[in-house]
Amino acid sequence: MSKNMIERALDNACDTKVCLIGEGVLEQVPCLFNEQFEGALDAFVVCDPRTKVAAGERVAALLKDAGVTVSEHVLEPGGELVHADYRYVEEIRAAIQCAIERSDGRTLIPVAVGSGVVNDLTKRASGELGVPYMVCATAASMDGYSSFGASIRSPEGAKTTYACPAPRVIVADLEVMRTAPAWMVASGFADLLSKVTAGADWILAFELGAAEWHDRAWHTVQDGLPEAIGDPEGVAAMGTAPLTKFVEGLMLGGFAMQDMQSSRPASGAEHMFSHILDMRNHTYRGASVSHGFQVGVYTHFMAKLYEEILAFDYTQLDVEACVAAWPEWSAEEAVVEKILAGTSLVEVGRVATKKKYVDKAGQRARLSDLKQRWPAIKARLEKQLLPAKEIERRLRVVGAPVHPEEIGATREQSLRDVMVAAHMRDRYNSLDFLYATGQMDLFARKAMAVS
C-alpha cells in the first residue's frame, strides 16, 4: 500500500481534504487548522477524560500557541464510559452552539479528540449545525474516522447510521495510537478484517440484482486490504510499517463510504449482529464489548457460513421448491412482527424488509439466474474470501475474540439473531439469500457448531 492510495481516495472523498498518518504528526495540527479552516480563530475541543490525557491537552496547547482561542467540552468528566447514544449528540451540539454564540461572530471549528464514539458524536453534532470539523485520532480501533455518516443509537433504541459529513481533516499520530490499550488496536483489526465478508456480501447481493455496484468505492476499500490485514503479528507489536498500512486500511474503508455515500463498501451481515448486541445494551463482565470485537466474532461466523454456501452446488438448486416456500408479503410482515416483538424495532424492521422484499415471481427470476451463473459467482466469492481458520488465526494473533461466548453472548442466541439480522436493515446480504433458499437455519447451525 502507498500514500498514492490515500491521495486517490481523497480526490474522490466528498468531505475530507487532508488525512495525515505518521509518527509525531500531532504537531502539525495548528498548521492544518489554519490551512483548512481559513479565517477560523476559535477551536472547540471535544474529548473524554481518557482522550484528553492521550492527546486533548496537547492539541489544545498547540492550538493556543498558534493564536487560536480554544474552549473544550469533556464528555462524562467523572470518568464514566461514553457510548454512541444520541443524548450525547444533543449535549455536544448544545455546547458547540453556546460556544458559537460566545465567539462574537467568529468562525468556530469543532476538533474531536478521541476514537470511534467521540468522533461519531462530534461528527453528527457538527453536521446538524452545518459546521465542518477535524478529528485527532487516539486509537486504531475502527474505520469510522473517515466515513460518511455516524453510527449512533437513536432515541428509540435502534442503532442507526445518521447522515452527516466526514471530517475535513484527519490526523492519526501513531505515537498517540500506541498509548491506547492493546485491546483497541485488536478491535480495529477485527473491524478491518470484516471487510472480507462484507465484500463477499456485496458481491453476492450485486450478482443477485439486489444491490448497486460502485466500482471506485470497491477498489478503494478492497485493493489495499490484503496488505493492511496481512501482518497481524506486526500490528500487534505496533511496528511502524505494519501499523501504518493497517491505519491506512481503516481510513480507506471510510473514504469508500464517503465516495458512495453509503456504508455498503465496509459493512455486511457481520455488522448486523453487532447492532443487535448494541441495541440490547449488551455487556460482558460488567463492561460494554467494543464494536470491533463484536464484528470480529461474527466475521468468523460469516466466514464459516460462506464455507457452507460454497460447498453447496447451486446449479442443482430446486428453484420451484424455494418459490413455493417463499412467503407472500402479508406472511413475511407477520414474521417481522414476531421476531421483533417486544422491541422498539418492529416498524423499523417492517419498513426495511418491505424495501428489499420481492414477490414469488421476482424470487424465481433471481434464483434461476443465480442457478445458471453459479460457477462464475462462486469463483468470484472464493477469490474474495479467506478461510475461517485463517480468520480465526489472525484474530487470535492480535488478541481479539473469535466465538460468541468470548464476548458474553451465546451460540443459541446468536442463531436466533440470524433471523433478526436478516430483517432489520434493507441492505441485502448472504442471510437474505439463505432465507430465500431455505438453508438459513441448517447452514447457520453448522457454522455455529450447534446441533
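Note on segment 307-417: with charges restricted to the Cβ of Lys and Arg (+1) and Asp and Glu (-1), its dipole about the Cα centre is near 480 debye. Among residues other than Ser194 with Cβ under 12 Å from its Cβ, the summed charge is -2 (Lys and Arg +1, Asp and Glu -1). With the Cα gyration tensor of segment 3-180 giving a ≥ b ≥ c as the square roots of its eigenvalues, does the rule (a/c under 1.5 for rounded; else a/b larger than b/c for prolate; else oblate) give rounded, prolate or oblate? Taking the square roots of the gyration eigenvalues as a ≥ b ≥ c, segment 3-180 is rounded. Take the alpha carbon gyration tensor of segment 29-129, find the square roots of its eigenvalues, order them as a ≥ b ≥ c, and report rounded if a/c is under 1.5; if not, report prolate when a/b exceeds b/c, else oblate. Oblate shape, in that a/c is at least 1.5 and b/c is the bigger or equal ratio. What you get for segment 238-381, charging only the Cβ of Lys and Arg (+1) and of Asp and Glu (-1), is a dipole of about 200 debye around the Cα centre. For the chain, the mean residue ellipticity at 222 nm estimated from helices alone is -17000 deg cm²/dmol, where every DSSP H run of n ≥ 4 contributes -39500 (n - 2.57) and the total is divided by all residues, rounded to the nearest 500. Taking 0.36 nm per residue of sequence separation and removing the Cα-Cα distance, the Cys31/Ser71 pair yields an extension gain of 12.6 nm.
Here the convex hull built on the C-alpha positions of segment 204-448 has a volume of 128 cubic angstrom per residue. Spatially, segment 310-368 and segment 102-161 are offset by 36 Å when compared through their Cα centroids. Straight-line cross-link partners of Lys354 among the lysines, defined as a Cα under 24 Å from its Cα and at least 8 positions apart when in the same chain: Lys159, Lys338. Which residues does a label at Ala241 reach in segment 219-234, if reach means a backbone N under 13 Å from a point 7 Å past the Cα toward the Cβ? The answer is 231, 234, whose backbone nitrogens lie closer than 13 Å to the label point. Since only Ala341, Met238, Val25 are under comparison, the one whose Cα sits farthest along the positive direction of the charge dipole of the chain, derived from C-beta charges on Lys, Arg, Asp and Glu, is Ala341.
The chymotrypsin sites (Phe, Trp or Tyr not before Pro) found in segment 154-222 that occupy coil by DSSP, while having at most 14 further C-beta atoms within 10 Å, are Trp213. Charging the Cβ of each Asp and Glu at -1 and of each Lys and Arg at +1, and nothing else, the dipole of the chain about its Cα centre rounds to 620 debye.
Each label point was placed 7 Å from the Cα along the Cα-to-Cβ direction; for Glu337 and Lys17 their separation is 5.3 nm. In this label model, Glu307 and His83 are separated by 3.4 nm, measuring between points 7 Å along each Cα→Cβ vector. Once the Cα-Cα distance is subtracted from the 0.36 nm per residue extended length, the Ser154 to Glu412 segment shows a gain of 90.1 nm. Taking GluC sites (Glu not before Pro) across segment 159-249, the ones in a DSSP loop with at most 11 further Cβ atoms lying within 10 angstrom of their Cβ are Glu212. Candidates Leu434, Leu225, Gly286 compared by Cα position along the dipole of the chain: farthest toward the positive end lies Leu434, with charges placed on Cβ.
Shown here is the pair-distance distribution of the chain: with all Cα-Cα distances grouped in 10 Å bins from zero up to the longest one, the shares run 4, 22, 31, 25, 13, 5, 1, 0 percent.
Taking a ≥ b ≥ c as the square roots of the eigenvalues of the Cα gyration tensor, an a/c ratio of 1.5 or more together with a/b no larger than b/c marks segment 277-413 as oblate. When the Cα positions of Ala311, Gly157, Val68 are compared along the charge dipole of the chain, Ala311 comes out farthest toward the positive end, with charges on each C-beta of Lys, Arg, Asp and Glu.
Applying both filters, DSSP loop and at most 14 other Cβ atoms within 10 Å, to the trypsin sites (Lys or Arg not before Pro) of segment 101-200 gives Arg106. Taking every DSSP beta bridge that has both ends in the chain, the antiparallel portion is near 20%. Can you give the FRET efficiency for Ala94 and Thr179, using 1/(1 + (r/R0)^6), R0 = 30 Å, r = Cβ-Cβ distance, to the nearest 0.05? Step by step, r from the Cβ atoms, then E = 0.50.
The numbers here are math on the coordinates, done by the rules we state, and not lab data. Worth saying up front: this structure is predicted, and the values here are computed from it rather than measured. FYI the Cβ positions are ideal-geometry reconstructions off the backbone, even for glycines, and counts take in every protein chain you see.
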